[in-house]
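Below: one structure, written as structure tokens.
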């Protein structure tokens, strides 16, 4: 025991020696008296645990506590309580009630919703009518009682407290559920002997051998601290690119190997290239605010497209081309000037097609880039997403070639089970939807569309009718399958633990 203690003491690092005198006093007191930060103290305890001086236990528990707004509302009252006090004296219309209550728009809406759910009010002809008795008004609600009782361990919540938590957790910063680390330890027999030893004699031990010490020879006659080369040390995670960026580069390599050149362009695009050049009518629902993010500015399309192309697109919309009828309406240049966050990368295909040299065919282009749509967030939809785009401009191309390119790309991306089904898009005919099978959800997952550009797209932009194979499947959903991500939103939440575990895309 004595020899073992001597070797252990000679192997103690500076932070271990610093906390040794306080081991009998508990974790919080070690933090105060050692003047070390929490991470350093925890690391020192882990080292001592490895040496057998203590038995360390680290447990985690969830704590429900007040958020920033919760602390404020605990003093002043929840928005529904503030609104109740107001309408208890007098009936107000909605506009007056919000003004008099001095609640923000979000607070006012939350208050109305909470009181309606409890049937304490009803709305009639734009006025708030009180339904609650004086006794009901004076009594604390379940949510108010819950706020008064916080903080509480999540595992110890009673059913009524869980109900209150679920009612409040979707409201901004009223309650928060956090993970708390519980650190406990006890001294071993070896540890009880070790803390009796004089540690001051260890302070003169040399921690490291420097180049200066070697040059001057000052290391001679010194005693070095023992190093334990067996004990585990904290894992070091090297820096690396985000896994989405890695996968994007892999997709670029796939397209490049197939002989494609990359297209690029701005995230903010004029409606002309995003919609009009692709023969999307100006009254199409996809152009409304429900699907598109509009920017409060106009883009001068004459800067991006010459007058001939603009005139050709106008002609295609109003009267059609090559015997077609078009959309039979008056095309408005001002609508085409509206700036949008691009809803697809197909706008890059339109811009590229307008610049291709007819004497240098065939030509093949691709893009992988960010797009934006005003979608409802769920496990497979986001308001921003990556799309991979491609066009093949070839006088001898046909629909079979299109399916062949897609099959080859998806095979290289690791998808064996894919299917094509007929579909409709304003700018391609024939058109197909591309689906891949999701084994966990047991459904076919739609990745995007493909087809051959219609004459109303190719003639105005290219100057003649020619087969242009085009596709634009969603790229993020491919990543979900490879990385076993169940919810699209997990891809961009930047969870450091998740990012450390992500491997490089190696399919193909």
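Can we say residue 387 is at negative phi, free of Cβ contacts under 8 Å to residues at least 24 places away in the same chain and not in a loop (DSSP other than H, G, I, E, B)?
no
Which of the residues spanning the range 232-255 are more than 21 Å from the chain's Cα centre (by Cα), part of a helix (DSSP H, G or I) and either over 22 Å from residue 477 (Cβ atoms) or free of Cβ contacts under 8 Å to residues at least 40 places away in the same chain (or both)?
253
Could you tell me which residue of the range 212-227 is nearest to the chain's Cα centre (by Cα), considering only residues that are more than 25 Å from residue 48 (Cβ to Cβ) and surrounded by 12 or more Cβ atoms within 10 Å (Cβ to Cβ)?
213
Might you let me know whether the range 420-433 holds any residue that is in the same structural domain as residue 343 (by TED's automatic domain parsing), within 30 Å of residue 319 (Cα to Cα), under 32 Å from the mean Cα position of the chain (by Cα) and not in a strand (DSSP E or B)?
yes
Any residue that is free of Cβ contacts under 8 Å to residues at least 40 places away in the same chain and out of contact with any helix residue (DSSP H, G or I) (no Cβ under 6 Å at 6 or more places or on another chain) - is there at least one of those in the range 395-402?
Within the range 395-402 (the criterion being free of Cβ contacts under 8 Å to residues at least 40 places away in the same chain and out of contact with any helix residue (DSSP H, G or I) (no Cβ under 6 Å at 6 or more places or on another chain)), the answer is yes, since at least one residue qualifies.
When the range 303-322 is examined, which residues are found to be at pLDDT below 80 and out of contact with any helix residue (DSSP H, G or I) (no Cβ under 7 Å at 6 or more places or on another chain)?
303
Is it true that residue 197 is farther than 30 Å from residue 107 by Cα and at pLDDT below 85?
yes
Do you know which residues across the range 55-77 are assigned to a strand (DSSP E or B), out of contact with any helix residue (DSSP H, G or I) (no Cβ under 9 Å at 6 or more places or on another chain) and within 13 Å of residue 176 (Cβ to Cβ)?
Residue satisfying the conditions is 65 alone.
What's the number of the condition residue 320 fails, among (1) within 21 Å of residue 425 (Cβ to Cβ); (2) outside any loop (DSSP other than H, G, I, E, B); (3) touching a residue at least 60 places away in the same chain (Cβ under 8 Å)?
For residue 320, the exception is condition (2).
Is one or more of the residues making up the range 347-355 touching a residue at least 60 places away in the same chain (Cβ under 8 Å), buried (at least 21 other Cβ atoms within 10 Å of the Cβ) and farther than 28 Å from residue 317 by Cβ?
No: the range 347-355 contains no residue that is touching a residue at least 60 places away in the same chain (Cβ under 8 Å), buried (at least 21 other Cβ atoms within 10 Å of the Cβ) and farther than 28 Å from residue 317 by Cβ.
Return only the number of the condition from (1) outside any strand (DSSP E or B); (2) more than 25 Å from residue 75 (Cβ to Cβ); (3) within 33 Å of the chain's Cα centre (by Cα) that residue 179 does not satisfy.
(1)
Could you list, in sequence order, the residues of the range 273-294 that are out of contact with any strand residue (DSSP E or B) (no Cβ under 9 Å at 6 or more places or on another chain), in a helix (DSSP H, G or I) and modelled with pLDDT of 90 or more?
Selection gives 273, 277.
Would you check if there is a residue in the range 343-357 being assigned to a strand (DSSP E or B) and either modelled with pLDDT of 90 or more or assigned by TED's automatic domain parsing to the domain that holds residue 260 (or both)?
No, the range 343-357 contains no residue that is assigned to a strand (DSSP E or B) and either modelled with pLDDT of 90 or more or assigned by TED's automatic domain parsing to the domain that holds residue 260 (or both).
Look at the range 439-456 and say how many of its residues are modelled with pLDDT of 80 or more, in contact with a helix residue (DSSP H, G or I) (Cβ under 7 Å, 6 or more places away or on another chain) and closer than 18 Å to residue 366 by Cβ.
2
Quick check: anything in the range 175-184 out of contact with any helix residue (DSSP H, G or I) (no Cβ under 9 Å at 6 or more places or on another chain), farther than 30 Å from residue 26 by Cα and surrounded by 11 or more Cβ atoms within 10 Å (Cβ to Cβ)?
no
Considering (1) more than 30 Å from residue 63 (Cα to Cα); (2) within 40 Å of the chain's Cα centre (by Cα); (3) buried (at least 17 other Cβ atoms within 10 Å of the Cβ), say which one residue 86 fails and leave the rest.
In the conditions (1) more than 30 Å from residue 63 (Cα to Cα); (2) within 40 Å of the chain's Cα centre (by Cα); (3) buried (at least 17 other Cβ atoms within 10 Å of the Cβ), residue 86 misses (2) alone.
Among the residues in the range 177-186, are any within 30 Å of residue 117 (Cα to Cα), modelled with pLDDT of 85 or more and in contact with a strand residue (DSSP E or B) (Cβ under 9 Å, 6 or more places away or on another chain)?
yes
Inspect all residues belonging to the range 48-60 and state whether any of them is free of Cβ contacts under 8 Å to residues at least 60 places away in the same chain and farther than 30 Å from residue 227 by Cβ.
So far as the range 48-60 goes, no, none of its residues is free of Cβ contacts under 8 Å to residues at least 60 places away in the same chain and farther than 30 Å from residue 227 by Cβ.
Checking the structure you have, find out if any residue of the range 28-41 is touching a residue at least 60 places away in the same chain (Cβ under 8 Å) and either within 38 Å of the chain's Cα centre (by Cα) or over 23 Å from residue 106 (Cβ atoms) (or both).
No, there is no match, as no residue in the range 28-41 is touching a residue at least 60 places away in the same chain (Cβ under 8 Å) and either within 38 Å of the chain's Cα centre (by Cα) or over 23 Å from residue 106 (Cβ atoms) (or both).
The values are calculated or read from the model by the stated rules, or taken from the named source; none is laboratory data. Note that this is a predicted model, so its numbers are computed, not measured. When we count neighbours, we look across all protein chains shown, and the Cβ atoms used for this are built from the backbone with ideal geometry, even at glycine.
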